[in-house]
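This report concerns only the one structure given below.
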Amino acid sequence: MQRIVCPERDDWRATAESAGFDFHTIDGERYWDERAYYAFTLDEIERRIEQPTSEIDAMCLELVGHAVDDDKYLRRLKIPEAFWPLISESWHRDDGSLYGRLDLSFDGRSPAKLLEYNADTPTSIFEAAVFQWTWLEQAIERHIIPKRADQFNSIHERLIDAWKKLGGAHHLHLAGRLLDSPFELLQREGVIGPFVPIAFAVDGVEIEPGALGGGAPVVAFGADYALH
């Protein structure tokens, strides 16, 4: 693994804004910084990152299998008791899973280690699945990085595959609260965007904050949406 300093694109800010990436700079500090990139060997990707990732995911699911019907685990995880039956029923039905993000620590020598598994929010999905690919293509065209360079993640393609499996009758209902944060809106679009190549009919229902009151709970889709 190498961190390689490189020139940034002269027009990266305009390119970001044309893609809806308006939060590339936050409070005067760069959120997106392309003045360096990390280069990995194929062995590092396959054996030290992707393989441990699959093993960690399997271990997390094994833990869920133990915890889902164990009151002690559920209380320790601070999951409200009202949700316990819903979680158990969903697990035992083997309901589909769309997206999760593993935050890993990798030193370039040992297998990647887990810091956090976040399957609630799609943070960083737009940057990694969409805008990073734009940077790759333009950086190759402008001779910033080698022509043989590639992006090792396939988030966008895998989301398309996941939506195809979850699509069923190809009609999707989305319900979510109204948002005014461009960051959250763009991350949401990073997850929903792969609908475009698929023949889905999508109905959206926006919910005012607090509109649900004390009614039935909503299962969160990302930070913002519910999948029914």
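The values are calculated or read from the model by the stated rules, or taken from the named source; none is laboratory data. Please read these numbers as outputs of a predicted model, since none were measured by experiment. Here Cβ is always computed from backbone atoms with ideal geometry, including for glycine, and neighbour counts include all displayed protein chains.
Some observations on this one:
- Residues of region 100-122 classified as crowded, with 16+ Cβ neighbours inside 10 Å, within 18 Å of the chain's Cα centre (by Cα) and within 26 Å of residue 30 (Cβ to Cβ), total: 5
- Test: residue in region 40-48 that is surrounded by fewer than 12 Cβ atoms within 10 Å (Cβ to Cβ) and within 30 Å of residue 110 (Cβ to Cβ): yes
- Residue match in region 50-63 (condition: of a type in the set (Gly, Ala, Ser) and surrounded by fewer than 12 Cβ atoms within 10 Å (Cβ to Cβ)): yes
- Note on region 147-166: residues that are in a helix (DSSP H, G or I) and free of Cβ contacts under 8 Å to residues at least 60 places away in the same chain total 7.
- Condition met for residue 128 (surrounded by 13 or more Cβ atoms within 10 Å (Cβ to Cβ) and under 30 Å from residue 11 (Cβ atoms)): yes
- Within region 106-125, residues that are closer than 21 Å to residue 64 by Cα sit with their Cβ atoms under 7 Å from residues that are hydroxyl-bearing (Ser, Thr, Tyr) and at pLDDT 90 or above, at 6+ positions apart or across chains, in these pairs: 113/105; 115/105.
- In region 126-146, the residues that are free of Cβ contacts under 8 Å to residues at least 40 places away in the same chain and among the small types (Gly, Ala, Ser): 128
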